[in-house]
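Structure first, commentary second.
The values are calculated or read from the model by the stated rules, or taken from the named source; none is laboratory data. In this text, all values refer to a predicted model and were calculated from it rather than measured experimentally. In case anyone asks, the SASA skips ligands and DNA or RNA and just uses the protein heavy atoms, side chains included. Shrake-Rupley method; radii C 1.70, N 1.55, O 1.52, S 1.80 Å.
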Amino acid sequence: MSTAPDRSPADRTPSERGAPGRSPVQIVAMVYGIVFLLVGIAGFIPGLTTNYETLQFAGHHSEAMLMGIFQVSILHNIVHLLYGIAGLALARTGATARHYLLWGGVVYLLLWLYGLFIGHETPANFVPLNDADNWLHLGLGVTMIALSFLPRTTHHHDATAGQHARG
């Protein structure tokens, strides 16, 4: 693995620089974190959120709809922002990225069940949730849990570990 003198350090791969890259589970946690941040921000942007003037802190009376589909409130948007920050922070290691995806997915499945069993026009719908939110929460829960089982180490790390075992 020689590095040609005409290649700058920035052009080298992570293994050529001596630093391991991110594992698949870290990359996915980071992507989910970024998406949650973007969704949380979008919930505060008139135009991306229709009926923005009805946006309330919490409760089913908020008629604000992200992209005209998903019912949102200030609390709902804050939860997305916090999930995004957590995703980026926990993507730093393979183990914490796995926990973020696994337990975040469990929370979304519980939220899906909650959304199925509460009346959408009752005070119990404090987030608020609608049918589109419920289906999205099911998809997020299932995919986050499934993706939490991606490898937590990089190929570079695995190759180095294998060389040490043989050496």
Exercise. By accessible area of protein heavy atoms, probe 1.4 Å, what ranking do F36, F44, F57 get, highest first?
Worked result: F57, F44, F36
Problem set entry | Estimated vicinal HN-Hα couplings, Hz - the stretch 55-63 in sequence order (Karplus 6.51, -1.76, 1.60; Gly, Pro = x) | 4, 10, 4, 7, x, 6, 6, 5, 9
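In Å², and per residue, what accessible area does the stretch 55-149 have when probed at 1.4 Å with the other protein chains present? Let's see the in-between values first.
Working: 4690 Å² over 95 residues.
I get 49 Å² per residue for the stretch 55-149.
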Problem set entry | Amide proton proximity set for T49, modelled H, under 5 Å, gap of 5+ | M67
